[in-house]
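Participant: First the structure, which I've put down as structure tokens, then a few questions once you've had a look.
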Amino acid sequence: MLNMNSSMMAKIVCSISISYCTMIITTFAQSTSNVVNLAPGGRVRIETHLTCEGDGSDSITYSQCPLNRYRFPDNMQATSMIRVKTPIPPLENGTICTWVTLGANGMFQGTLASYSVGTNYNSFTILYESYDTERRFRMFLNSPGRFVYMPLLKKNLTHLCVSFSAAGGYSSLYVDGKFHNKRNFSDATALQGGGIYIVGQDQDTLAGGFDQHQALTGTITNYLFWKRELTSQEIEDIAKQCICPSDILFTLDHEDVILSGNVTAIPIKQCPTVP
Ligand SMILES: [Ca+2]
């Protein structure tokens with residue numbers, strides 16, 4: 001959060017851009033920006049804008065995150081899901097971020113990602129399980145599943161990011177923009193491309209074998225996937241300011257997904273943010 005007067009505006013825009021581009025920036029070009037509410041003590045929002053150019057291979061811009069929201073109204077069913085149409089390339093690293101809400105049973109529960117390739121049905125899986133005594137993420141990364149424990153979600157809107165590095169051998173969980181936990185996956189290997197990516201149900205065969213106990217319930221908002229590990233600063237900015245790096249592999253735009261069962265798309269005009 002920044003306080004400033006209008007005469008400082010240009011300098012602030014540049015300083016924010018540099019913070020995103022630390023280490024790689026050699027030149028940058030300004031496009032557009034909006035700065036609002038410059039009253040002392042007010043909030044400043046930078047909406048877009050600077051292209052960072054490093055060695056010629058890095059070019060990431062930062063702008064408001066794409067908006068999408070879907071509701072999974074029913075628990076205990078094996079029919080409601082979202083299938084991603086975007087082709088999935090081979091992946092050594094990745095990050096998923098999404099807002100989640102509690103389901104009809106008052107708990108956050110279900111499958112946030114199920115990626116199957118060939119006969120490797122749990123090539124990449126993120127499944128949140130909520131029992132009476134424990135709550136945990138179960139993750140698969142081309143290896144036996146591991147658990148990452150997470151506090152019970154009590155509020156009705158929480159931002160989650162999960163990043164992974166097959167080369168580094170770990171997966172990290174962020175809750176509401178803050179690092180929460182890291183889990184070792186020393187036996188992990190890169191994900192093969194060309195598989196089937198489903199949100200809301202867990203595949204135990206290719207595009208099938210769904211288990212109603214693993215169905216996602218509640219609402220997901222701004223589900224986004226990057227094919228790299230986002231930095232902790234980038235994740236904080238997504239959660240707190242709705243500012244996203246542009247190199248998104250896929251989001252759940254309506255034209256990029258196939259909806260099944262009772263999943264409904266809900267129009268959204270404003271991005272949620274962690275206060
Ligand atoms: Ca299963």
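Participant: Based on this model, can you work out whether GLY118 counts as on the phi > 0 side of the Ramachandran plot, at pLDDT 50 or above and open to solvent by less than 20 Å² (accessible area, probe 1.4 Å)?
Facilitator: No: the conditions fail for GLY118.
Participant: Would you mind stating whether LEU224 is in a strand (DSSP E or B), open to solvent by 10 Å² or more (accessible area, probe 1.4 Å) and assigned by TED's automatic domain parsing to the domain that holds ILE126? Don't jump to the end; show me each part of the working.
Facilitator: Numbers: in a strand (DSSP E or B): yes; open to solvent by 10 Å² or more (accessible area, probe 1.4 Å): no; assigned by TED's automatic domain parsing to the domain that holds ILE126: yes.
No, not satisfied.
Participant: How many residues are in a helix (DSSP H, G or I) and open to solvent by 10 Å² or more (accessible area, probe 1.4 Å) if we restrict to region 238-254?
Facilitator: Going through region 238-254 one residue at a time, the tally reaches 3.
Participant: Can I ask one more? Which residue pairs have Cβ atoms under 9 Å apart, sit 6 or more places apart or on different chains, and have a first residue in region 256-275 that is acidic (Asp, Glu) and a second that is surrounded by fewer than 14 Cβ atoms within 10 Å (Cβ to Cβ)?
Facilitator: ASP256/LYS85
Participant: Among the numbered criteria (1) more than 21 Å from THR111 (Cα to Cα); (2) within 16 Å of the ligand (Cβ to nearest atom); (3) not charged (D, E, K, R), which single criterion is violated by ALA167?
Facilitator: (2)
Participant: Continuing with the same structure: Among the residues of region 174-187, is any outside any loop (DSSP other than H, G, I, E, B), more than 16 Å from the ligand (Cβ to nearest atom) and over 19 Å from the mean Cα position of the chain (by Cα)?
Facilitator: Start the filter on region 174-187 by keeping residues that are outside any loop (DSSP other than H, G, I, E, B), which leaves 174-175, 178-184.
Among the residues that remain, those that are also more than 16 Å from the ligand (Cβ to nearest atom) are: 174-175, 178-184.
Add one more test, that the residue is over 19 Å from the mean Cα position of the chain (by Cα), and what stays is 184.
Looking through region 174-187, at least one residue is outside any loop (DSSP other than H, G, I, E, B), more than 16 Å from the ligand (Cβ to nearest atom) and over 19 Å from the mean Cα position of the chain (by Cα).
Rundown of residues vs (1) under 20 Å from THR101 (Cβ atoms); (2) in the same structural domain as PHE140 (by TED's automatic domain parsing); (3) polar (S, T, N, Q); (4) out of contact with any helix residue (DSSP H, G or I) (no Cβ under 8 Å at 6 or more places or on another chain), yes/no style:
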{"position": "ILE198", "(1), (2), (3), (4)": "yes, yes, no, yes"}
{"position": "ASP211", "(1), (2), (3), (4)": "no, yes, no, yes"}
{"position": "LEU216", "(1), (2), (3), (4)": "yes, yes, no, yes"}
{"position": "PHE250", "(1), (2), (3), (4)": "no, yes, no, no"}
{"position": "ILE258", "(1), (2), (3), (4)": "no, yes, no, yes"}
{"position": "THR273", "(1), (2), (3), (4)": "yes, no, yes, no"}
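Participant: Go through region 185-217 and count every residue that is in contact with a Phe, Trp or Tyr (Cβ under 6 Å, 6 or more places away or on another chain) and closer than 24 Å to PHE108 by Cα.
Facilitator: Counting residues in region 185-217 that are in contact with a Phe, Trp or Tyr (Cβ under 6 Å, 6 or more places away or on another chain) and closer than 24 Å to PHE108 by Cα gives 7.
Participant: Give region 188-204 a look and list any residue that's open to solvent by less than 40 Å² (accessible area, probe 1.4 Å) and either within 13 Å of the ligand (Cβ to nearest atom) or under 16 Å from the mean Cα position of the chain (by Cα) (or both), or say none.
Facilitator: TYR197, ILE198, VAL199, GLY200, GLN201, ASP202, GLN203
Participant: Between a first residue in region 205-223 that is away from the ligand (no atom under 16 Å from the Cβ) and a second residue that is hydroxyl-bearing (Ser, Thr, Tyr), which pairs have beta carbons less than 6 Å apart while being 6 or more apart in sequence or on different chains?
Facilitator: As it stands, the answer is GLY218/THR101; THR219/THR101; ILE220/TYR70; ILE220/THR98; TYR223/THR98, since those pairs meet every condition given.
The values are calculated or read from the model by the stated rules, or taken from the named source; none is laboratory data. A quick note: this is a predicted structure, and the numbers were derived from the prediction, not measured. Positions of Cβ are generated from backbone atoms using ideal geometry, with glycine treated the same way; all protein chains shown enter the neighbour counts. Heavy atoms of the whole protein, side chains included, go into the accessibility calculation; ligands, DNA and RNA do not. Shrake-Rupley method; radii C 1.70, N 1.55, O 1.52, S 1.80 Å.
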